[in-house]
Amino acid sequence: MSVRARLTALYATLFLAAGGVLLGVSYWLVARHFERTLREEVASGVLADLRGQYLLALVGTTIVAVALGWIVAGRVLRPLAEITQTARRVSTDRLDERIALGGPQDELRELADTFDSMLDSLGGAFASQRRFVANASHELRTPLTVLRAEVDVTLADPDASVAELRAMGETVREATAEAEQLLDSLLVLARSEAGIERRAAVDLEAAAGRAVEATATEARVRGVAVRVEGEPVVVDGDPRLLERLVGNLVENAVRHNEEGGWALVRVGLAPSGEAEVAVENTGAPVPEVAAQRLLEPFQRLARRGDGPPGAGLGLSIVRSVAEAHGGSVELAPRAGGGLRVAVRWPISRSRAASAAPRAADSPIPAAART
Ligand SMILES: Nc1ncnc2c1ncn2[C@@H]1O[C@H](COP(=O)(O)OP(=O)(O)OP(=O)(O)O)[C@@H](O)[C@H]1O
Ligand SMILES: [Mg+2]
């Protein structure tokens, strides 16, 4: 039974009940009056007539009530039909459909508006997904094109020397490593977006130490002085993902730096009581507007080819991992150039309490831990 029919039936039943009660009371009052004023035979004759008329009136008005109920229910439910039709028309390819229901700001309008804004955000999500796939394919094609061209050129020369073949091997190896790196980043990003698989206590300070060690050679080559400051802070989370987060921040601070610059990695509790890893570094000035989009995938300040290597996935992995752990990323250009990126996440009370005393009696002076 449709909602329209149910509403009509409900309306008619209520009308019938109310009408019945009203006529019943009226009949009882009239009957009492007649009993007192008329003779019994006359009274019963008049009352019999009245009963027939009342019944007829009740049946008649009920039929009218059913008809009116049907029409009114139809009008009230019409927006619902519109919503249903739009929902039916919407598909992945046609996310631009909107209900755009006019009329008063009532519950149905609210439903339609909610549906429309859901379509807005779905549309946005699909568009960014498409952009992401396009960017990923483009990025992946670049090393493959290099690879192919290198092999083609060398094979076209029948007298290629061993040295030339070796040079080709080197380039092929570099291009393969680049593609591998990109795929690895894409996998990490997908994994972090899927949520946390494993949970363990992760010491962020130790992770920062390992990240600094891993970039030591690159830092030396670029003449960047790296320093770690802080206290052991332990958060619950996926060790591999958190390690990657810290690693990406430190790698960026070294890689996107300037000759003779510095990078400072600070691990500790933020004033808000959250665990924090903040990485600050010198470098070229970063415009404020450009800074905000760096957390999106495939966004770089330098054009591809100029500047240090990288696909532009590092910071989006940072954000995705932070959010998977209930944290947030704050990114701000430094006044004199370079960037400051801070990641904060909630920390359980027991862990915060156990972290503080250990920090105080840490045997290594903070400044020496590089
Ligand atoms: N610490 C930093 N200082 C200055 N610029 C930075 C810093 N971190 C990131 N950037 C800028 O933001 C861009 C995006 O960084 P992101 O880590 O996402 O990608 P990437 O380092 O280019 O590549 P990869 O995927 O290898 O990390 C960088 O290309 C760089 O221009
Ligand atoms: Mg990076």
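So, R98, is that one basic (K, R), more than 29 Å from the chain's Cα centre (by Cα) and surrounded by 12 or more Cβ atoms within 10 Å (Cβ to Cβ) or not? In short, no.
Out of E243, E259, E274, which single residue is assigned by TED's automatic domain parsing to the domain that holds R300, more than 16 Å from ligand 1 (Cβ to nearest atom) and among the charged types (D, E, K, R)?
Values: E243 fails: more than 16 Å from ligand 1 (Cβ to nearest atom); E259 fails: more than 16 Å from ligand 1 (Cβ to nearest atom).
Selected residue: E274, the only one of E243, E259, E274 that is assigned by TED's automatic domain parsing to the domain that holds R300, more than 16 Å from ligand 1 (Cβ to nearest atom) and among the charged types (D, E, K, R).
Might you let me know whether region 274-284 holds any residue that is among the polar types (S, T, N, Q) and more than 30 Å from Q129 (Cβ to Cβ)? Give the steps one after another, and end with the answer.
Initial filter on region 274-284 (among the polar types (S, T, N, Q)): 281-282.
Remaining after also requiring more than 30 Å from Q129 (Cβ to Cβ): 281-282.
Checked against the condition, which is being among the polar types (S, T, N, Q) and more than 30 Å from Q129 (Cβ to Cβ), region 274-284 yields at least one hit.
Of all residues in region 197-219, those satisfying the criterion of being surrounded by fewer than 17 Cβ atoms within 10 Å (Cβ to Cβ) and touching a residue at least 40 places away in the same chain (Cβ under 8 Å) are E197, R198, A201.
Once region 312-351 is narrowed to residues that are aliphatic (A, V, I, L, M) and assigned to a helix (DSSP H, G or I), the residue that is nearest to ligand 1 (Cβ to nearest atom) is L315.
Please state which one of V267, V286, V235, V279 is out of contact with any Pro (no Cβ under 9 Å at 6 or more places or on another chain) and either in the same structural domain as A127 (by TED's automatic domain parsing) or hydrophobic (A, V, I, L, M, F, W, C) (or both). From the options V267, V286, V235, V279, the qualifying one is V279.
Within region 89-100, is even one residue more than 27 Å from P297 (Cα to Cα) and assigned to a helix (DSSP H, G or I)? Checked region 89-100: at least one residue is more than 27 Å from P297 (Cα to Cα) and assigned to a helix (DSSP H, G or I).
Looking across region 152-176, the residues that are among the hydrophobic types (A, V, I, L, M, F, W, C) and exposed (fewer than 14 other Cβ atoms within 10 Å of the Cβ) come down to V153, L155, A156, V162, A163, L165. Against the conditions (1) in contact with a helix residue (DSSP H, G or I) (Cβ under 7 Å, 6 or more places away or on another chain); (2) within 16 Å of ligand 2 (Cβ to nearest atom), E231 satisfies every one except (2).
So is R78 of a type in the set (K, R), within 20 Å of L7 (Cα to Cα) and open to solvent by 80 Å² or more (accessible area, probe 1.4 Å) or not? Answer is yes for this residue. Each residue in region 234-255 was checked for being within 16 Å of ligand 2 (Cβ to nearest atom), open to solvent by 10 Å² or more (accessible area, probe 1.4 Å) and touching a Lys or Arg at 6+ places or on another chain (Cβ under 9 Å), and 3 of them qualify. For residues that are surrounded by 11 or more Cβ atoms within 10 Å (Cβ to Cβ) and among the charged types (D, E, K, R), scanning just region 1-48, find the one that is farthest from V64 (Cα to Cα). Among them, the one singled out is E35. Count of region 258-280 residues, restricted to those that are under 21 Å from P308 (Cβ atoms) and either within 12 Å of ligand 2 (Cβ to nearest atom) or without any contact (Cβ under 8 Å) to a residue 60 or more places away in the chain (or both), is 7.
Here V72 fulfils each of the conditions (1) at pLDDT 90 or above; (2) open to solvent by less than 60 Å² (accessible area, probe 1.4 Å) apart from (2).
Residues that are free of Cβ contacts under 8 Å to residues at least 60 places away in the same chain and either within 11 Å of ligand 2 (Cβ to nearest atom) or open to solvent by less than 60 Å² (accessible area, probe 1.4 Å) (or both) within region 281-298 comprise N281, T282, G283, V286, A290, A291, L294, L295, listed in sequence order.
The values are calculated or read from the model by the stated rules, or taken from the named source; none is laboratory data. Treat the numbers as computed from the prediction; the structure is a model and nothing was measured. In this analysis, Cβ positions are derived from the backbone assuming ideal geometry, glycine residues included, and neighbour counts consider all displayed protein chains. Areas reflect the complete protein model, heavy atoms only, side chains present, ligands, DNA and RNA absent. Shrake-Rupley method; radii C 1.70, N 1.55, O 1.52, S 1.80 Å.
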